């Protein structure tokens with residue numbers, strides 16, 4: 001489970017931003033807190049903010065870190081060989097509107113507890129990069145029975161790398177490591193167990209950008225595993241749909257052609273709906289269903305994966321094309337320990353003020369991003385926010401109403417649209 005995500009000098013965030021999933025000592029909704037080892041961790045976080053406030057950059061920062069960890073073992077190599085798309089260095093985007101920060105490195109760090117087994121070891125992992133190379137990288141771990149972290153490795157440009165926790169593998173890493181690559185990424189591919197654990201934690205997490213039309217299109221065409229062959233999988237998806245639309249009774253898979261018994265050349269998915277005046281079913285091409293139904297279909301695989309693996313689902317623009325009640329239903333599914341038995345986490349960005357309610361979310365589950373007059377974004381939680389009188393927010397306040405009137409900040413500063421006014 002993610003305990004904390006930190007980053008700085010990335011896009012609109014010039015200074016350090018901290019998204020802390022540690023549960024504070026507030027008393028509301030105790031069932032929203034998972035106890036893993038010695039850690040008390042929240043299962044849900046909602047990030048609010050005006051357009052262009054930076055909330056999607058929190059998502060983007062986590063996505064960048066994930067991509068770098070997963071793929072950087074391929075970066076670098078012989079500069080005389082033209083690199084293909086698979087091993088191109090992913091250049092970072094620092095805060096550009098400052099002559100100092102635009103040339104400084106960007107830093108990313110996570111604290112997480114491995115809940116894939118009973119050991120519940122805590123990891124602190126991070127790195128700093130600029131537009132050309134990795135400047136610093138570190139990994140520390142802590143057993144659930146310990147209060148102190150031990151060094152697995154620490155790397156800094158111009159200094160000798162400390163491989164305290166993986167000494168036996170250090171020679172192999174040194175031989176293959178490029179300046180653009182991360183030790184964790186390379187070491188995982190070299191089958192160093194503790195480094196594999198870190199990379200696999202990132203791999204298990206699901207990152208979904210519903211603000212990206214291209215990703216929306218592709219995800220609406222991604223099928224749950226074995227959906228085309230396993231009727232039980234199709235029944236589970238029908239049951240998932242029935243939580244918001246009972247008109248879909250079943251699926252019909254029509255094969256376009258077959259190469260052999262095992263490999264299909266193509267197929268068409270149709271939904272089956274009950275006729276009003278008979279016991280017959282009428283089929284409808286799945287792509288003719290509503291955009292909301294298609295989005296829920298695209299959400300099913302990452303939700304299923306997160307709940308089964310106990311991993312993190314990070315969604316940008318979560319409320320896009322979904323009814324607020326449906327969004328609330330999904331949030332409650334992650335909060336419910338009887339459904340979310342493996343302590344999966346849901347982090348999402350949204351404009352949906354209807355979810356900004358004390359009957360749904362704890363104060364430490366609510367986050368805001370706000371951009372100041374210098375174009376710098378800031379991230380803060382409702383539980384740490386103080387009003388103009390220096391008072392903290394009470395748990396019985398009307399969060400949504402107070403947010404709209406500007407009590408918590410992070411709302412658009414609007415001017416009249418008088419450019420359309422006639423002479």
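The values are calculated or read from the model by the stated rules, or taken from the named source; none is laboratory data. These numbers were taken from a predicted model, which means no experiment stands behind them. Glycine also receives a Cβ, built like all others from the backbone with ideal geometry; neighbour counts cover every protein chain displayed.
Here's the yes/no breakdown for (1) assigned to a strand (DSSP E or B); (2) not assigned by TED's automatic domain parsing to the domain that holds residue 246:
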site: 278; (1), (2): no, no
site: 287; (1), (2): no, no
site: 304; (1), (2): no, yes
site: 320; (1), (2): no, yes
site: 326; (1), (2): no, yes
site: 332; (1), (2): no, yes
site: 337; (1), (2): no, yes
site: 346; (1), (2): yes, yes
Checklist entry - Among 27, 107, 66, which is the only one that is assigned to a strand (DSSP E or B) and either at negative phi or in contact with a helix residue (DSSP H, G or I) (Cβ under 9 Å, 6 or more places away or on another chain) (or both)? => result 107
Checklist entry - Any idea which residue in the stretch 99-123 is farthest from the chain's Cα centre (by Cα), counting only those that are buried (at least 18 other Cβ atoms within 10 Å of the Cβ) and within 21 Å of residue 159 (Cβ to Cβ)? => result 105
Checklist entry - Based on what the data block shows, is residue 239 closer than 23 Å to residue 204 by Cα and either at pLDDT 85 or above or outside the structural domain of residue 63 (by TED's automatic domain parsing) (or both)? => result no
Checklist entry - Can you name the residue in the stretch 172-191 that is without any contact (Cβ under 8 Å) to a residue 60 or more places away in the chain and surrounded by fewer than 24 Cβ atoms within 10 Å (Cβ to Cβ) and is also farthest from residue 158 (Cα to Cα) among such residues? => result 191
Next on the checklist: Of all residues being part of a helix (DSSP H, G or I) and touching a residue at least 40 places away in the same chain (Cβ under 8 Å) in the stretch 306-318, which is surrounded by the most Cβ atoms within 10 Å (Cβ to Cβ)? Just the residue, please.
Outcome noted: 306
Checklist entry - Only one residue in 67, 88, 16, 104 is closer than 27 Å to residue 181 by Cα and modelled with pLDDT under 95. Which one? => result 88
Next on the checklist: Quick check on the stretch 109-121. Is at least one of its residues in the same structural domain as residue 66 (by TED's automatic domain parsing) and closer than 13 Å to residue 8 by Cβ?
Outcome noted: yes
Next on the checklist: When the residues of the stretch 144-171 are narrowed to those that are loosely packed, with under 11 Cβ neighbours inside 10 Å and either touching a strand residue (DSSP E or B) at 6+ places or on another chain (Cβ under 7 Å) or under 17 Å from residue 122 (Cβ atoms) (or both), which ends up modelled with the highest pLDDT?
Outcome noted: 148
Checklist entry - Taking the condition surrounded by 14 or more Cβ atoms within 10 Å (Cβ to Cβ), outside any strand (DSSP E or B) and modelled with pLDDT of 75 or more, does residue 217 pass? => result no
